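This report concerns only the one structure given below.
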Amino acid sequence: MTRKPIMAGNWKMNMDHLEAIQLVQGLAMELSDRNFDFSTEVVVIPPFTDLRSVQTTVDGDNLKIKYGAQDVSLFESGAYTGEVSAQMLKKLGCSYVVVGHSERREYHNESDELVGQKAQVVAANGMVPIICCGEVLEIRKEGNHVSHVVGQVKAALQGFTSDQVKELVIAYEPVWAIGTGEVATPADAEEVCKAIRELVAALYDQDVADAIRILYGGSVNSKNVKELMAQPDVDGGLVGGASLKADEFAKIADYQNL
Ligand SMILES: O=C(CO)COP(=O)(O)O
């Protein structure tokens, strides 16, 4: 069983397209200085407006860095003002699309059902959805975090075949750990990531569960990444704030050599 680790930097609503070019070039330079071998996938997830610039930077400099988008429309095209379609993202060379981030669930009322539909649209267009899940503090305090997250993932996986699920990425991001500096303990992260893998084994089979990649997100940085990555069911990180600094994100990607 070999799952390729991924470190994905979710820039959220930060960096204009000029800053994006600098950050991607800076990241490439930092990785090269570290003789990074890309045995871990490195992904940046900038705002929509940066994607064309990131594409030309990656293509022009022949970089091995991958990139993706933070959200997608359910619809193919038409009268959906403000939306961006999966085909458009595919055309821009996106490999990944984040769906169901807790900030979209909270500020845009995205339901588990909608998140699942968006994941389907992403997969149907030849990209990999990074399906986010995670509990708010209240649910954790009640001790219901595992069942809550398992329920979110179960809903999002509706309609996916075994072969599709093998390619998916799930990101467990406890809401109380996002942007707060309060990282989940490695044991907390493992508890939920393991439960997600067990759910996949129950819904599909062990082969599928062994293939799917499960990330942890929430205040990941170069100081805590190694311990998180030592957990058997944590296959990578979805990194917010720390992905906005080239040197810090390069260290996180190169966690094996810290
Ligand atoms: O939401 C996150 C990534 O999607 C995590 O953000 P922080 O790393 O800033 O806590």
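The values are calculated or read from the model by the stated rules, or taken from the named source; none is laboratory data. Computed from a prediction, not measured in an experiment: that's the story for all the values here. When we count neighbours, we look across all protein chains shown, and the Cβ atoms used for this are built from the backbone with ideal geometry, even at glycine. When the accessible area is computed, the model is the full protein with side chains, heavy atoms only, and any ligands, DNA or RNA have been set aside. Shrake-Rupley method; radii C 1.70, N 1.55, O 1.52, S 1.80 Å.
Summary of values
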{"item": "Within the chain, helix-based [θ] at 222 nm, where runs of 4 or more DSSP H residues each add -39,500 (n - 2.57), nearest 500", "result": "-12500 deg cm²/dmol"}
{"item": "For region 1-142, size of Cβ-based charge dipole, Lys and Arg +1, Asp and Glu -1, in debye", "result": "380"}
{"item": "Two-decimal Rg to Rh for region 6-257 - Kirkwood Rh, Cα set", "result": "0.94"}
{"item": "Fraction of accessible area attributable to carbon and sulfur, region 6-257 (%, probe 1.4 Å)", "result": "49"}
{"item": "Per DSSP, loop chymotrypsin sites (Phe, Trp or Tyr not before Pro) in region 23-94 with at most 16 further Cβ within 10 Å", "result": "Phe38, Phe75, Tyr80"}
{"item": "Amide proton proximity set for Val128, modelled H, under 5 Å, gap of 5+", "result": "Tyr96, Val97"}
{"item": "Cβ-based charge dipole, region 6-257, positive-most Cα from Asn10, Ser85, Leu215", "result": "Ser85"}
{"item": "Accessible surface of Met29 - all protein chains present, 1.4 Å probe, nearest 10 Å²", "result": "120"}
{"item": "Debye log10 I(q)/I(0) for region 118-258, one point scatterer per Cα, at q = 0.10, 0.14 Å⁻¹", "result": "-0.32, -0.64"}
{"item": "Amide N of region 129-168 lying under 20 Å from the label point, which is placed 7 angstrom from the Cα of Asp207 along Cα→Cβ", "result": "159-168"}
{"item": "Gyration tensor (Cα) of region 82-171, equivalent ellipsoid semi-axes in angstrom", "result": "25, 15, 10"}
{"item": "The chain - charge dipole about Cα centre, Lys and Arg +1 at Cβ, Asp and Glu -1, debye rounded to 20", "result": "280"}
{"item": "Region 1-140 - Rg and Dmax from Cα coordinates, angstrom", "result": "15.7, 47"}
{"item": "Surface per residue (accessible, 1.4 Å probe) for the chain, Å²", "result": "45"}
{"item": "Check: region 105-250 dipole with +1 on Lys, Arg Cβ and -1 on Asp, Glu Cβ, in debye", "result": "200"}
{"item": "Within region 183-210, backbone nitrogen closer than 15 Å to the virtual label 7 Å beyond the Cα of Ser147 toward Cβ", "result": "none"}
